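A.B. asks: Mind looking over this structure? Questions follow.
The values are calculated or read from the model by the stated rules, or taken from the named source; none is laboratory data. Predicted model only: the values in this text are computed from it and were never measured. All Cβ positions, even for glycine, are placed from backbone atoms using ideal geometry, and neighbour counts span all protein chains on display.
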Amino acid sequence: MSLSQAMAQGNTTLQIDPQVCTFIVDETQCDIELQFRWTLSYPQSICVHIAQQATPLFCAEKESNERRYKIAMSGDTLFELRDAQNQVLITQASVNVFKLVTDKRPRRRHGWGVF
């Protein structure tokens, strides 16, 4: 079975948990440990890349189907599952990054507290 046939069958998936990372505006990035899980139509060695980057984050042999990876992200990130031998794109998944705005105004106490 060719790689294009496997993709067409829809049996190939990449799941990343968690799918959302949040950090406060004062910080420059979100530090997180991601759990990558994948299923393939047939056993093959794969590499996980950040989209548009040539160097993989990690590669895995045919017997493996999950991996944890610590990463720092400053924006939404698209990950690609590629064939380890020829770098052909197999599937993609993304992680969204949200910046939380904190209210820095001092909180007022109850006005009746002066009695």
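For (1) of a type in the set (A, V, I, L, M, F, W, C); (2) assigned to a strand (DSSP E or B), each residue gets a yes or a no:
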site: 49; (1), (2): no, yes
site: 55; (1), (2): no, no
site: 59; (1), (2): yes, yes
site: 64; (1), (2): no, no
site: 68; (1), (2): no, yes
site: 72; (1), (2): yes, yes
site: 82; (1), (2): no, yes
site: 85; (1), (2): no, no
site: 90; (1), (2): yes, yes
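Okay, residues lined up against (1) out of contact with any strand residue (DSSP E or B) (no Cβ under 8 Å at 6 or more places or on another chain); (2) at pLDDT 90 or above; (3) at positive phi; (4) buried (at least 17 other Cβ atoms within 10 Å of the Cβ):
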residue	(1), (2), (3), (4)
8	yes, no, no, no
11	no, no, no, no
17	no, yes, no, no
37	no, yes, no, no
50	no, yes, no, no
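A.B. asks: Only residues that are modelled with pLDDT under 90 and among the β-branched types (Val, Ile, Thr): list them for the range 74-112, please.
C.D. replies: Hits for the range 74-112 are 101, 102.
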